[in-house]
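Reviewing the structure listed below.
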Amino acid sequence: MTDPGQLFTGPLSDVVGREALTTRLSEEFFFAELGADAVRSLFTFDDLNDVLTTCSPEPPRLRLHQDGSPVPVDRYTAGATSSRTARRIVRPEALYRELRAGASLVLDSVDRMHPGVGAAADDLMRLVRERVQANLYLIWGESRGFDTHWDDHDTMIVQLEGTKHWKVHGPGTRAFPMKDDTDHAHTAPVDADGRTHTIWEGVLRPGQIIHVPRGWWHTVTGTGGVSMHLTFGFTRATGIDWANTLVRRLFEEETFRRDLPRFAADDERRKHQHALVARLLELAEAWDLDEVLAERDARFPRRTSFALPWAVQDDPPPPGARVEFVPVLPPPLEREDGRVAVSVSGKRYRLPAVAAPVLEALAEHRVLTVADLAEHARASAEETAQVVVALARHHLVLVR
């Protein structure tokens, strides 16, 4: 059984190689056989039933599709009021009826509702250094929820239960299409005979994973029985993101804050444009790609999680308490004026220097007891426990 928090950096990386998950990522399709045991405990039908019961997801987070079209929500939900707020509640018997009739259930952001899936998504985030969302797809029979289509993000498909038939057609007539794009009329690739091109066709079984890059067309259908899979999706930084960060910097430039000389003479307008272009080129040349990516990492979001009671009360946690690092990406430490600074989720924290070895140990191991953390930090258990309390109050660690 594989630890969900190492699914991608462990077994998958061992099978396909590190390059397939880094330098060749988003450029190539791959298929990997991890074995059913690797995903057996990742997310089960019992987990799905618990999520539906305790989290009560409603449309559009939970939705049904059939034959390429959404199923009207009135067919499987009912109106209700909770704390004076109108809601749509999924009706179990209606949901069962639609699924028996061939509808496909889609449940978004399962990583926010299930710890194991969340741990797997975090593992993929640390690998690709982009935000990841895990959606669940469930279907019975031979129908399809969606027509042949492409996604505006990269995907890792993890088959959990049953089987599903896939055709991966490859990139279409527009390379690297985006969600916010100027052309949405592009089509799937075709062979010389006019038929849709297919680069891979197969039936996914539990423990098998495929990577479908952004913009690659694919067709997915049921095989007669049940199929449940997770799609881990992520959107990578592009040149558009680099340009947007440059545009934000232009607010610091007086030349760009000035009004455009609409009513000036022609030569004055040309002079103004030349000044804008010259300064823009100067700034673009100096806008380092590594700095942009580092700034993007520093804004990487944290999961919503809580460390009660330790983040509120003054009593330090005992030596056996487990300390979990909250930042998904390990932030670089900066030492300044006898203190240590870290930037997490767009916020900068300046902490006493004694916190540095504790942060370094947590960034490497992610989960340690207070006692083990003190040993790694070469500090006393009492001093380490006090540091842990301070970190918990800044939502940098959880204490269990």
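The values are calculated or read from the model by the stated rules, or taken from the named source; none is laboratory data. Model, not experiment: these values are computed from the prediction. We place every Cβ from the backbone using ideal geometry, glycine too, and count neighbours over all the protein chains shown.
Looking at HIS165, HIS149, HIS169, which is the one that is in the same structural domain as ASP123 (by TED's automatic domain parsing) and either among the acidic types (Asp, Glu) or over 18 Å from ASP67 (Cα atoms) (or both)?
Going through HIS165, HIS149, HIS169 in turn, just one is in the same structural domain as ASP123 (by TED's automatic domain parsing) and either among the acidic types (Asp, Glu) or over 18 Å from ASP67 (Cα atoms) (or both): HIS169.
For VAL168, indicate whether it is touching a Phe, Trp or Tyr at 6+ places or on another chain (Cβ under 7 Å) and under 17 Å from PHE29 (Cα atoms). Please lay out each step first, then the result.
Values: touching a Phe, Trp or Tyr at 6+ places or on another chain (Cβ under 7 Å): yes; under 17 Å from PHE29 (Cα atoms): yes.
Here the answer is yes, as VAL168 does meet what is asked.
Check off (1) at pLDDT 95 or above; (2) surrounded by fewer than 17 Cβ atoms within 10 Å (Cβ to Cβ); (3) farther than 27 Å from ASP47 by Cα for HIS218 and give me the number that stays unchecked.
(2)
All but one of (1) outside any helix (DSSP H, G or I); (2) at pLDDT below 95 hold for GLY5, so report the exception by its number.
(1)
So which strands (runs of 3 or more DSSP E) are wholly in segment 137-214 and hold at least 1 residues that are free of Cβ contacts under 8 Å to residues at least 40 places away in the same chain? Outline the logic, then answer.
On the way: elements: 154-171, 200-204, 208-212.
Of the strands (runs of 3 or more DSSP E) lying wholly inside segment 137-214, those with at least 1 residues that are free of Cβ contacts under 8 Å to residues at least 40 places away in the same chain span 200-204.
Taking only pairs six or more apart or across chains, which ones have beta-carbon atoms under 7 Å, a first residue in segment 228-242 that is in the same structural domain as GLU161 (by TED's automatic domain parsing) and modelled with pLDDT under 95, and a second residue that is polar (S, T, N, Q) and surrounded by 21 or more Cβ atoms within 10 Å (Cβ to Cβ)?
If the second residue must be polar (S, T, N, Q) and surrounded by 21 or more Cβ atoms within 10 Å (Cβ to Cβ), no pairs are left.
Evaluate segment 165-173: report whether one residue or more is among the β-branched types (Val, Ile, Thr) and buried (at least 17 other Cβ atoms within 10 Å of the Cβ).
yes
Would you mention how many residues in segment 233-279 are in contact with a Ser or Thr (Cβ under 9 Å, 6 or more places away or on another chain) and within 27 Å of HIS153 (Cβ to Cβ)?
So the answer is 3.
State all residues of segment 330-342 that are surrounded by 19 or more Cβ atoms within 10 Å (Cβ to Cβ) and under 17 Å from MET125 (Cβ atoms); if no residue qualifies, say none.
Kept after step one, since they are surrounded by 19 or more Cβ atoms within 10 Å (Cβ to Cβ), are these residues of segment 330-342: 331, 340, 342.
Residue satisfying the conditions is PRO331 alone.
Suppose the filter is loosely packed, with under 13 Cβ neighbours inside 10 Å and β-branched (Val, Ile, Thr); does THR22 pass it? Full working, then the answer.
Numbers: loosely packed, with under 13 Cβ neighbours inside 10 Å: yes; β-branched (Val, Ile, Thr): yes.
Criteria met by THR22.
When segment 55-86 is examined, which residues are found to be surrounded by fewer than 14 Cβ atoms within 10 Å (Cβ to Cβ) and small (Gly, Ala, Ser)?
If the condition is that a residue be surrounded by fewer than 14 Cβ atoms within 10 Å (Cβ to Cβ) and small (Gly, Ala, Ser), then GLY68, SER69, ALA78, GLY79, ALA80, SER82, SER83, ALA86 are the ones that fit.
Residues of segment 39-61 being under 15 Å from HIS229 (Cα atoms) and among the hydrophobic types (A, V, I, L, M, F, W, C), which ones?
Within segment 39-61, VAL39, LEU42, PHE43, PHE45, LEU48 meet the criteria.
Please specify each residue of segment 89-136 satisfying the condition of being of a type in the set (Lys, Arg) and closer than 30 Å to GLY5 by Cα. I'd like the intermediate steps shown before the answer.
Restricting attention to segment 89-136, the residues satisfying the condition of being of a type in the set (Lys, Arg) are 91, 97, 100, 112, 126, 129, 131.
Once the filter is applied, which keeps residues that are of a type in the set (Lys, Arg) and closer than 30 Å to GLY5 by Cα, segment 89-136 yields ARG112, ARG126, ARG129, ARG131.
Step by step: first the residues of segment 114-136, then only those that are of a type in the set (Val, Ile, Thr) and assigned to a helix (DSSP H, G or I), then the one that is nearest to LEU21 (Cα to Cα). Which residue is that?
Start the filter on segment 114-136 by keeping residues that are of a type in the set (Val, Ile, Thr), which leaves 117, 128, 132.
Cutting the leftovers down to assigned to a helix (DSSP H, G or I) gives us 117, 128.
Numbers: VAL117: 19, VAL128: 7 Å.
Within segment 114-136, the match that is nearest to LEU21 (Cα to Cα) is VAL128.
Would you confirm, using the coordinates I've provided, whether VAL117 is in the same structural domain as GLY207 (by TED's automatic domain parsing) and buried (at least 19 other Cβ atoms within 10 Å of the Cβ)? Explain how you work it out, then say what you get.
Details: in the same structural domain as GLY207 (by TED's automatic domain parsing): yes; buried (at least 19 other Cβ atoms within 10 Å of the Cβ): yes.
Spelling it out, VAL117 is indeed in the same structural domain as GLY207 (by TED's automatic domain parsing) and buried (at least 19 other Cβ atoms within 10 Å of the Cβ).
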